[in-house]
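Participant: My questions will all concern the structure given below.
Any read-out appearing in this document is the output of simple, stated calculations on the displayed coordinates, not a laboratory observation. Source: prediction; values computed, not measured. All Cβ positions, even for glycine, are placed from backbone atoms using ideal geometry, and neighbour counts span all protein chains on display.
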Amino acid sequence: MSNVFNSDVHKQFYIAGVQDENRDALPMKYVSDIQTENAEYLYNRYGADLVAQNSTDSTYSTPAFTYSADSKLINLEAISADRISEKEMSRQGFDIVADRTNKHAYAIKQAVHRNAARVTRLGAGSILDNEVLAGSASARTPITVSDTNADNIAATVTQLLQEGNAYGSGNPYVMMSPKQAKFFNLFSMGAGFSFADRALEKGMFMLGGGERIIRGAAGFGGLDVIVTNETPRMARYVLAANLTAADTLTINGVVLSVVATPSAAGAVDLGGSAEATIDNIVAAVNNSNGFAAGTGAADSYFELSVANRAIFTNAGITARKVSATTIEVDGFATLTVAEAGAQSTWSAVSDVMLAGAYNSTTIALPSAGMTVKEKEVPLFNGIEIMVAQQHDAVIWTKDAPKIVQVLCVA
């Protein structure tokens, strides 16, 4: 039967199909440089800039040129596993190759996009928030975007990009969510020549090839605009002092409980200092120790239940330590936060626009980075397939802030 993996030809077609779909339909692809060569490291193409100096005898000279190679190991894997039963294989008209190619490609390209968008946000050289928009120093307060301030936001983004030399290689881009896009009059028929055709042919805002793209959008200072549901969201959790036992923090409805001795899923050890507790919370959100569901260690944390970990995974939730008293949690599409405790506060959730020069982000998707494995499933009929794609992303800015992150109220 044609829908059974009975030859290497099918397997090769399956692998190639995932790769092609993966590279062709992630939002960050439109603004990034995609590297497909099978290299273990990506090296910074820029060394230290030459610096002109005047010597003591008033003659012009330059110091010795030194090159420090920034390297980024391709060390991330997007994984999608699937179980195929004998019953599925026997169904007439069901193409397992096509079905699994589409399913796994979606999961993998989503992981690649989210990693690239996260790296781009964290590598941004400048920030636009409510304070910067008003002419003050940044305090990371998100902007409430409205019809009345949309033009000012677009103008300020353009200013920051110009100051960061982001126009050197062509027109910059801005990537935003549909919620923010409506304020810039991007959904009208006059917003861009491609709107009607794309809306009719592909629909809008789907991750898999249906992103809304407007070249030279008049509603946003002439920048190229990409509208997608997969924009980063971010909030910060700040401690004034160490937590106390029974304090909690909630992320997308998942409760993490700080306790003296963790013994149940979602429990986090109360450290001897605020920083120690911060470290344990970050490890718990990311499951840094790789504990199985409901297991862990009394001096760190107990891993979430399978259902709660799925909530984090589906929303792309990760955490990072910003300082001894601050955690930054980010996700995609949706992020909600809450807390219970006298020493902790959450910032407002920001829906982050990304603006910058094309190809400032480099995404590594090596041609031989895809692997597909089949194995028998003990005590079950059928086979299990696991697909993995090595990938990573890095920002090249040549010492210039060519990426701007714009914090907006989610």
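Participant: With no solvent and one point on each alpha carbon, what is the Debye value of log10 I(q)/I(0) for segment 310-410 at q = 0.16, 0.21 Å⁻¹?
Facilitator: Treating every Cα as an identical point scatterer, log10 I(q)/I(0) equals -1.01, -1.26.
Participant: Please sort 287-298, 173-184 by packing, taking for each peptide the average over its residues of neighbouring beta carbons within 10 angstrom, highest first.
Facilitator: Going from most to least packed, we get 173-184, 287-298.
Participant: On to the next question. Step through the residues of segment 138-145 one at a time and calculate ³J(HN,Hα) from phi using the Karplus curve (6.51 cos²θ - 1.76 cosθ + 1.60, θ = phi - 60°), rounding each to whole Hz and writing x for Gly and Pro.
Facilitator: 5, 10, 6, 7, x, 8, 7, 6
Participant: Eigenvalues of the Cα gyration tensor times 5, then square-rooted: what semi-axes does that give for segment 75-173, in whole angstrom, largest first?
Facilitator: 45, 15, 14
Participant: Take the residue pairs 29/373; 103/375; 109/373; 103/182; 29/103 and return only those whose Cα atoms are more than 21 Å apart.
Facilitator: 29/373; 103/182
Participant: Still on this structure, I have one more. So what's the net charge close to residue 291: Lys and Arg +1, Asp and Glu -1, counting the other residues with Cβ under 14 Å from its Cβ?
Facilitator: Taking every other residue near residue 291 into account, the sum is -2.
Participant: Please report, in Å, the Rg and the Dmax of segment 227-269, where both are computed over Cα atoms only.
Facilitator: Using the Cα atoms of segment 227-269, the pair Rg, Dmax is 14.0, 45 Å.
Participant: Report ³J(HN,Hα) in whole Hz for each residue of segment 117-126, in order, from the Karplus equation J = 6.51 cos²θ - 1.76 cosθ + 1.60 where θ = phi - 60°; Gly and Pro get x.
Facilitator: 5, 5, 4, 5, 4, 5, x, 4, x, 8
Participant: Here's a follow-up. Pop out the ³J(HN,Hα) list for segment 320-333 in order, Karplus 6.51 cos²θ - 1.76 cosθ + 1.60 with θ = phi - 60°, rounded to Hz; leave Gly and Pro as x.
Facilitator: 9, 7, 8, 7, 5, 10, 9, 10, 10, 10, 10, x, 9, 6
Participant: Pull up all non-local amide H partners of residue 265: gap of 5 or more, or a different chain, and H-to-H distance under 5 Å with H placed in the peptide plane.
Facilitator: For residue 265, no residues qualify.
Participant: What is the P(r) of segment 283-340, as percent of Cα-Cα pairs per 10 Å bin from 0?
Facilitator: Over segment 283-340, the share of Cα pairs per 10 Å bin runs 21, 51, 28, 1 percent.
Participant: Could you work out, for segment 241-342, what percent of all Cα-Cα pairs fall into each 10 Å distance bin, beginning at 0 Å and stopping at the bin that holds the largest distance?
Facilitator: For segment 241-342, the binned pair fractions read 17, 54, 27, 1 percent.
Participant: Can you tell me which of 149-157, 89-97, 107-115 comes out highest on packing, and rank the rest after it, using the mean Cβ neighbours within 10 Å?
Facilitator: Listed from highest to lowest mean packing, they are 107-115, 149-157, 89-97.
Participant: A further question on this structure: Residue 392's amide H: which non-local residues (gap 5+, or another chain) put their own amide H closer than 5 Å, with H modeled 1.01 Å from N in plane and none for Pro or chain starts?
Facilitator: The list, which skips near neighbours in sequence, is 364.
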